[in-house]
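Here the structure comes first, spelled out in structure tokens, and everything after it is commentary.
The values are calculated or read from the model by the stated rules, or taken from the named source; none is laboratory data. Nothing here was measured: the structure is a model prediction, and the numbers come from that model. Positions of Cβ are generated from backbone atoms using ideal geometry, with glycine treated the same way; all protein chains shown enter the neighbour counts. The protein model used for the area step is the full one, side chains on, heavy atoms only, and it has no ligands, DNA or RNA in it. Shrake-Rupley method; radii C 1.70, N 1.55, O 1.52, S 1.80 Å.
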Amino acid sequence: MAKNIKNRSSDDAAETGAVIGESGFCAAIPLEHRGPDLALLHRTPGFEAMLQGFGIGSLEEIVQGYFSLLKSVLTSGEVRNRNIQAEFAGYQRFLRIDVYPCRDPEQRISGVSVVATDNTATARRESAILRNLELERSRFDDYPVATTDEDWTGVRRVLERLKRDGHTDIPAYVRANPEILIDLVDGARVVDLNEAAVRTYNAPDKRALIERFNQQPDLSTYNPETGYSDIFVELLARFFDGETKAVIEGWDKTFDGQDVYLRTSTSIMPGFEENWGWVLQTVEDITDRKEIEDQLRKVQERYELAVEGARDGLWDWHLAGNEFFASAQMCRTVGWGNESRIMPGRESFAYIHPEHRKPARRALMRKLRDGADGFSLEYRIMDRDGSPAWVANHFKIVRDAAGQIVRMAGSVTEVTARKIHEDELRAAKEQAEFANRAKSEFLANMSHELRTPLNAILGFSQTISAEMFGALSNPRYKEYAGDIHGSAVHLLELINDILDMAKIEANEFIVSEDLFDANSAISRCVRFMSERASRKRIEIAVSIAETGLAMEADQRMFRQILLNLLSNAVKFTEEGGKVWIEGGEIIDGFLEFRIGDTGIGMAPGDIEVALTPFGQVGRGRLVAQEGSGLGLSIVSRLMDLHGGALRIDSEAGRGTLVTLRFPEARSRQI
């Protein structure tokens, strides 16, 4: 505007004043009025309004040497200005007076134009800025936090140039053209810093640290993650987009090369938003906090990985705020989506199947009333894809000092596959038990039908063999009758074993508590087996510690136990071998009897097989031996019915020792 005024002639000075007056106050004075009572050729309406607002007729009333100022411009042809401060109606006002020479077409000075601007608001703002600056400077060195005073005027100009060239993504441009960092760093100068900054960066003094900050970056070792990095450039880009304050965290290096993690707060001071002439930056070393956060994050990641691997969903219920948190894995498990959720506690039961919801609530309340601090509940949840789903919920209860529940937490594990497997096993077990009962009932019911014809065979074969009704015409008939009788006896023994096992499995064996002489029962069993033993020249030795030993047990079962063991001992002992029965003493709270032999024995690994129903071990001669393979199994079950135990010690080629252990309470003295 001043340049345009200078080129105008005195003929259009009034027009100039009118134009200028639209945006300020203007007066035009012709050259010929140079006397002490200079008269104005023209005043704009704005100029007149200003004078009226100040309550004056002309500027000379408030501007000392006003006419001298005008004459100096007429004489020198140079622009002159003056700032004045005056009080009007009790208020301080600030005016700026600008005086411009006016020239004719021949460039001779033909007059002057005066522009008066009310600069009160700007002056007050600049005064406040100066006062704030003085206040901040007075406190600068006392800041406990590292602080730098910087001038970013140059970097502002660099960024404006880049923008004019069409580069709107400043960080991307710097990454592609790192050499621009030289101009950017040079334009962001550190003017001053406090002692806290010297300590934070482990610098020897202020001067050394300022020089370090203001030195140009080494582009050969430029690393976007350190030093003048993307963090610095991102800060510049944010300011250029209109922000005036930004907080950024990142790694940097101290004066002596140590890595530190800093929290940097950078602010453009008020009044300097246009040129970035004053930027204040505070720096806080938070390396310790960063390391702790990193450790916590690693622990959290490991925990989440472990939980994710275990496929357990976590939940946490704060009763005071009625806030229920469900982890993402729990939400996936119960069908709530893939993200974690927070909901009122009353809604946390919604995933339970309606048939199980009330029973689950009652079970939970019962556990809480009983004072349990940890327990598990299993229940069905809402079906997924039309198939039943089950979970196990593991609870942990937290109570306050008064014993009131303040919090519950736990984990939810899907157990659908296990429940399905359990149901299948239960169904298979029930089916097997049903089949086993049917078999046992059949065999038990067939007892009479099987034994009746066998008794007839035994009786008639014995009668024929004894020739009770006359001599047989051929001696072979007598031999055949003996074979028939022996085979029938063997078949009856097999049937009896099968029927006994069937009764045991059908729980039809009832133990009779008989009081009997143990020595007498043992003697009867030995006599019964003596004929079979004598055929193999085997002697059965008896050594019972107590002569007056009595027992309270089922006498028939006791004899059956002994007969089965003695029969096996004789059966699997070579001719001329030995079989013995001993014991009758109390050992470790049990009444013991031991039946041993010098027979072929068996390997330790075969003992478990021999104790199973129909289990037979060995090859060769063992396979040829007669028997059903139920003897030891029946003995084991009968011992269980008496509350006792059976132990077998055997070695192939060395014989077998079977130990019977009855509870001491079954022992009596006659």
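Out of GLY576, GLY583, GLY589, one residue alone is within 21 Å of HIS642 (Cβ to Cβ) and exposed (fewer than 13 other Cβ atoms within 10 Å of the Cβ). It is GLY589.
To keep it simple, each residue is scored yes or no on (1) in a helix (DSSP H, G or I); (2) more than 24 Å from ALA121 (Cβ to Cβ); (3) out of contact with any Lys or Arg (no Cβ under 9 Å at 6 or more places or on another chain).
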position	(1), (2), (3)
PHE47	yes, no, yes
MET50	yes, no, yes
ILE56	no, no, yes
GLU60	yes, yes, yes
PHE67	yes, yes, yes
SER72	yes, yes, no
ASN81	no, no, no
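In region 430-440, is there at least one residue being modelled with pLDDT of 85 or more, at negative phi and open to solvent by less than 50 Å² (accessible area, probe 1.4 Å)? No, there is no match, as no residue in region 430-440 is modelled with pLDDT of 85 or more, at negative phi and open to solvent by less than 50 Å² (accessible area, probe 1.4 Å). Scanning region 145-186 for residues that are among the acidic types (Asp, Glu) and either within 25 Å of VAL283 (Cβ to Cβ) or open to solvent by less than 70 Å² (accessible area, probe 1.4 Å) (or both) returns ASP149, GLU150, ASP151, GLU160, ASP183, ASP186.
Residue pairs whose Cβ atoms lie under 6 Å apart, sitting 6 or more positions apart in sequence or on different chains, and linking a residue in region 453-482 that is in contact (Cβ under 8 Å) with a residue 12 or more places away in the chain to a partner that is of a type in the set (Ser, Thr, Tyr) and open to solvent by 80 Å² or more (accessible area, probe 1.4 Å), do not occur here.
Do the conditions hold for ARG238, that is, is it within 14 Å of the chain's Cα centre (by Cα), without any contact (Cβ under 8 Å) to a residue 12 or more places away in the chain and not in a loop (DSSP other than H, G, I, E, B)? When the stated conditions are applied, ARG238 does not pass them. Looking at GLY271, is it part of a loop (DSSP other than H, G, I, E, B) and open to solvent by less than 70 Å² (accessible area, probe 1.4 Å)? So GLY271 passes the test. In this structure, does TYR201 turn out to be under 30 Å from PRO144 (Cβ atoms), at pLDDT 85 or above, within 43 Å of the chain's Cα centre (by Cα) and of a type outside the set (Asp, Glu)? Answer is yes for this residue.
Of the residues SER110, SER138, SER127, which single one is among the polar types (S, T, N, Q), buried (at least 18 other Cβ atoms within 10 Å of the Cβ) and modelled with pLDDT under 85?
Answer to the selection: SER110.
Does ARG346 qualify as being touching a residue at least 12 places away in the same chain (Cβ under 8 Å), of a type outside the set (A, V, I, L, M, F, W, C) and in contact with a helix residue (DSSP H, G or I) (Cβ under 9 Å, 6 or more places away or on another chain)? No, not satisfied. Evaluating LYS367 against the criteria (1) over 15 Å from TRP315 (Cα atoms); (2) without any contact (Cβ under 8 Å) to a residue 24 or more places away in the chain leaves one unmet condition, (2).
Residue by residue, here is whether (1) surrounded by 11 or more Cβ atoms within 10 Å (Cβ to Cβ); (2) out of contact with any Pro (no Cβ under 7 Å at 6 or more places or on another chain); (3) more than 30 Å from ASP423 (Cα to Cα) holds:
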| site | (1), (2), (3) |
| --- | --- |
| GLY277 | yes, yes, yes |
| LEU280 | yes, yes, yes |
| CYS331 | yes, yes, no |
| MET343 | yes, yes, yes |
| PHE349 | yes, yes, no |
| LEU368 | yes, yes, no |
| ASP385 | no, yes, no |
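Out of VAL489, VAL415, VAL406, report the one residue that is among the β-branched types (Val, Ile, Thr) and over 30 Å from VAL391 (Cβ atoms).
Going through VAL489, VAL415, VAL406 in turn, the sole match is VAL489.
Whether any residue in region 459-476 is crowded, with 18+ Cβ neighbours inside 10 Å and within 21 Å of SER636 (Cβ to Cβ) is what I want to check. Checking region 459-476: not a single residue is crowded, with 18+ Cβ neighbours inside 10 Å and within 21 Å of SER636 (Cβ to Cβ). Within region 520-556, being touching an Asp or Glu at 6+ places or on another chain (Cβ under 9 Å) and hydrophobic (A, V, I, L, M, F, W, C) holds for ALA533, ILE538, ALA541, VAL542, ILE544, ALA545, LEU549, ALA550, MET551, ALA553. The set of residues from region 57-76 being loosely packed, with under 14 Cβ neighbours inside 10 Å and farther than 21 Å from THR44 by Cα comprises GLN64, GLY65, SER68, THR75, SER76.
Candidates are the residues of region 391-420 that are without any contact (Cβ under 8 Å) to a residue 40 or more places away in the chain and of a type in the set (S, T, N, Q); the one that is surrounded by the fewest Cβ atoms within 10 Å (Cβ to Cβ) is GLN404.
Looking only at region 370-419, residues that are out of contact with any Ser or Thr (no Cβ under 9 Å at 6 or more places or on another chain) and β-branched (Val, Ile, Thr) come to 5 in all. So, PHE324, is that one modelled with pLDDT of 90 or more, buried (at least 18 other Cβ atoms within 10 Å of the Cβ) and of a type outside the set (D, E, K, R) or not? Spelling it out, PHE324 is indeed modelled with pLDDT of 90 or more, buried (at least 18 other Cβ atoms within 10 Å of the Cβ) and of a type outside the set (D, E, K, R). Hey, any hits in region 446-454 for a residue that's surrounded by 15 or more Cβ atoms within 10 Å (Cβ to Cβ) and in contact with a Lys or Arg (Cβ under 8 Å, 6 or more places away or on another chain)? No; the residues of region 446-454 include none that is surrounded by 15 or more Cβ atoms within 10 Å (Cβ to Cβ) and in contact with a Lys or Arg (Cβ under 8 Å, 6 or more places away or on another chain).
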